[in-house]
Structures are given as C-alpha cells and as structure tokens.
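Every number here is computed from the coordinates shown, using simple stated rules; none is lab data. Predicted, not measured: the structure shown is a model, and the values here were computed from it. Every residue, glycine as well, gets a Cβ built from its backbone with ideal geometry; the counts of neighbours run over all protein chains shown.
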Amino acid sequence: MKKIPNWIIIVVVIALVIASKFIFFAPKEDAAAAAKGKPKGPVAVNYYVVNATTFSNDVFATGKIGALNQIDILPEVGGKVTAIYFKEGETVNKGGVLVKLNDADLQAQLLKSKTQIALSEQKLERLKKLISVNGISKEELDIQENELNSLKADQAYILAQLAKTTIVAPFTGVIGLKNISEGSYVSVNTPIVSLVQTKPLYVEFSVPEKYSNLFNKGIAVKFSNDNMKEQQTATIYAIEPRVDELTKTIKARASYNGNEHIYPGSFVKVFANLGETQNALMIPTQCVIPTLKGQKVFISKNGIATEAMVTIGVRTDDKIQIIDGINAGDTVITTGLLSIKKESSLKLLKSVN
C-alpha cells in the first residue's frame, strides 16, 4: 500500500479548520437576521386611495324564456279518434274543440238512462196520487224517489264520460305537431298534441343573494340573444321567496308581451339595473386577500403596513365594494402583497386608478 504524502494531509486539515470557522462561528447578528427573514429595506409597492363614489348596481345573468301555460294534451278516457278539428301550428281559442273520440256506446247508455228516468218519474207520479188517498204506505213512495234519484245520478255519470270524449283547448294558444290520426286508438297516456300560450311570455333568471335587498317587483330588465336585432324589455312580476341552497341565488320571473320570433325554452342574456348605491367604497379587486377568518387588506399608515379585516359587497370587472373595515381616505396597498407582513416598512411608488 502506497503511503499518502504528509503535505496532502496538512492541506486537508487546514481546509477543515477554515470550513468549521464559517459553519460554527458565523456572526450571530447575520444568523439572527437570516432566521427572522428581516428585509434589508422597505418594500416598494403601488397603492390606491379610497374614495366614496356612486356605484350602479348592474346585474348580468343568463335566463330562459318560458310560457305561462304549456301542456301536452292527453285524453281523459280511451277510445278511437273519430274527428280532428285543429291544424298544426294554428292558434286555437280557449274552449275550442280539438278532437272527438268515439262515443257510440255512451250515447246508447244515455238513451237507456233517459228511458228509465222517464218511466221512474211516471211511476212516482202515480204513487203520489195513491198516497193522497192512503192507497200505499209512505215507505213505498220513499223507495221510488230514491230509485229515481239513483237513475239521475247514473245519467250524470254517463254525461260526464261523454264530455270527456270531446277534447277542448283549456286556454288560448298555439297548437304544435299532432301525434295521432283519425281512426287511431288513444289511451289516457297517449299525447295528442302540445298547446303553448305564446303571449304573454316570461323571462326566468337568478341573481346573487347579496342583491336581495335591491330586488323588487316592478323592476324593468333587458334581455336578448343572438337571434334578436335589439334588446327586449320585461318587468319583474314574481320573486322566489327563498334562496337556493346550492347556488345562493334568488330566482325571479319578468313578464314579456311576446314576440313571434321568441319561443319558450330559448336562452337569453339578462341585464338588470337595481339602482345606485351612494357613498360606496370601491377598491381594486387584487387588494383583497382571502384568509381563514374572512378577507383582509393592507393599509399604509405613515409608511407602515397594517392589516384590516373587511366585509365585501358587490363586484365589478376590476373593483369590489367594501362594506366595512376601511374608511374613505385610507391608502390601500395594491402590489407586493406577498412580500408584506404586519408592520412592514413600505415605500409607496405609484397611485393606481
């Protein structure tokens, strides 16, 4: 085995001594400063001076067009279709006859019922004459009256069944595409045709819960879609009296007089102006920092950063309303938020709009 030269051993020992000096005997002040992470100077930031302003509560939402009345017409009784009185796509009036079902058997039952009632009434008249001379007992007269009433009840049932064989429009609207033909058999589960009321229509949409105190009946809203040349106007007539638990929104319907180019089921873009808020404190959105306890902002006071927990309100594209936590005239920090801590020294660079 070859022997290591002495001079190499001496060099290694000197290197270890120098390294141990930097590792174990570093200046305490530098180590403490590194541990605490103190910045060497103030943090350079941009800022925004809070001003009270008038804020317009404009709400944009996605909605849909709906019909006040729309149904699939189904028969109440089964039977063969003997006549169809409507044309597809036409407007029908309330009470207008749409379809007639075969009622021959019911007409025969009705004729039989009329004959039985006539005979029963004649018999009742004879018994009334007999009882006046004590020819029969009161019990026999009562039995005959009950029989007559029973026959009349049977006739009323037959007439009700007959009425069901004539299918009429329950409201004025536009008939859709038929699903039957004359001669076909329909059951109570057979959809005959759709009927839709096209005037007036309604626009249904939802707004965030935070607008609940501004959301009222009578407010005019604008709506449109890609097929409309210009915006249409509707008026809110009903508001859901509860907040949706999943979306935290409130649903409303606005009445619209109707247009032949707008169909129920269409999706539209809705715009609503819910009035103006005076003396609103609006700050840039990036100023607000989410925390476990809520939201906070950093405020510069005499060049020192201070934290302020805030309550937020409505948002715009680039700003957010602060309801509580800051005052008009406060200087809110807009940049360098990740480098700032409480009581950090600040160097204010530029005011943002």
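Which of the DSSP-defined H helices in the chain satisfy a minimum axial length of 24 Å, computed from C-alpha atoms, and a minimum mean Kyte-Doolittle hydropathy of 1.6?
TM-like helix candidates: 6-24.
Which whole-angstrom value gives the distance between the alpha carbon centres of segment 336-353 and segment 130-162?
99 Å
Each residue of segment 280-293 in order: what ³J(HN,Hα) in whole Hz does its phi give by Karplus 6.51 cos²θ - 1.76 cosθ + 1.60, θ = phi - 60°, with x for Gly and Pro?
Along segment 280-293, the couplings run 7, 9, 10, 10, x, 4, 5, 6, 7, 10, x, 9, 5, 9 Hz.
Which residues does a label at N327 reach in segment 279-303, if reach means a backbone N under 18 Å from a point 7 Å past the Cα toward the Cβ?
279-283, 297-303
Using a simple spin-label model with points 7 Å from Cα along the Cα→Cβ vector, what separation in nm is obtained for Q278 and I143?
Taking the simple label geometry, Q278 and I143 are separated by 8.9 nm.
When only C-alpha pairs under 8 Å and at least 6 residues apart count, what is the relative contact order of segment 71-186, in percent?
52 percent
With just the Cα atoms defining each centre, how far is segment 210-248 from segment 290-333? Give it in Å.
Comparing the Cα centres of segment 210-248 and segment 290-333, I get a distance of 30 Å.
If R₀ is 22 angstrom, what is the calculated FRET efficiency for the pair K100 and V188, using the beta carbon separation as r and rounding to 0.05?
Step by step, r from the Cβ atoms, then E = 0.85.
So if each residue of separation counts as 0.36 nm, and I subtract the Cα-Cα distance between K87 and A108, what length gain in nm does that give?
Stretched fully, the K87-A108 segment lengthens by 4.5 nm.
Any chance you could run the full-extension gain for L74 through T115? It's 0.36 nm times the residue separation minus the Cα-Cα distance, nm to one decimal.
Between L74 and T115, full extension yields 11.4 nm more.
Note down the net charge around P290, summing +1 for each Lys or Arg and -1 for each Asp or Glu among other residues with Cβ under 14 Å from its Cβ.
Details: positive: K293, K296, R315; negative: E307.
Within the 14 Å Cβ shell, the charges total +2.
For each pair in K64/K222; K301/K342; K251/K319; K222/K319, compute the distance between the two Cα atoms and list the pairs where it is over 19 Å.
Checking Cα-Cα distances, K251/K319; K222/K319 exceed 19 Å.
Segment 75-133: which GluC sites (Glu not before Pro) are DSSP loop and have at most 15 other beta-carbon atoms within 10 angstrom? Provide the component values of the computation, followed by the final result.
Numbers: sites: E76, E88, E90, E121, E125; in loops: E76, E88, E90.
Loop-located and lightly packed - E76, E88, E90.
Please list, ordered by chain and number, the residues whose modelled amide H lies under 5 Å from the amide H of G96; skip anything fewer than 5 residues away on the same chain.
Those lying under 5 Å, H to H, from G96 are A169.
From the phi angles alone, apply the Karplus equation (6.51, -1.76, 1.60; θ = phi - 60°) to segment 208-213 and give each ³J(HN,Hα) in whole Hz, x where the residue is Gly or Pro.
x, 4, 5, 8, 4, 6
For the residue pair E343 and T247, what label-to-label distance in nm results when each label sits 7 Å from Cα along the Cα-to-beta-carbon direction?
For E343 paired with T247, the spin-label model returns 4.9 nm.
At A153 and T233, where each label point lies 7 Å from the Cα along Cα→Cβ, what is the point-to-point distance in nanometres?
6.0 nm
So, R0 is 41 Å and r is the distance between the beta-carbons of E125 and L162; what FRET efficiency does that work out to, to 0.05?
After rounding to 0.05, the efficiency reads 0.90.
Loop only by DSSP, 13 or fewer other Cβ within 10 Å of the Cβ. Give me the trypsin sites (Lys or Arg not before Pro) in segment 57-123 that pass, ordered by residue number.
Within segment 57-123, the qualifying trypsin sites (Lys or Arg not before Pro) (loop, at most 13 other Cβ atoms within 10 Å) are K87, K94.
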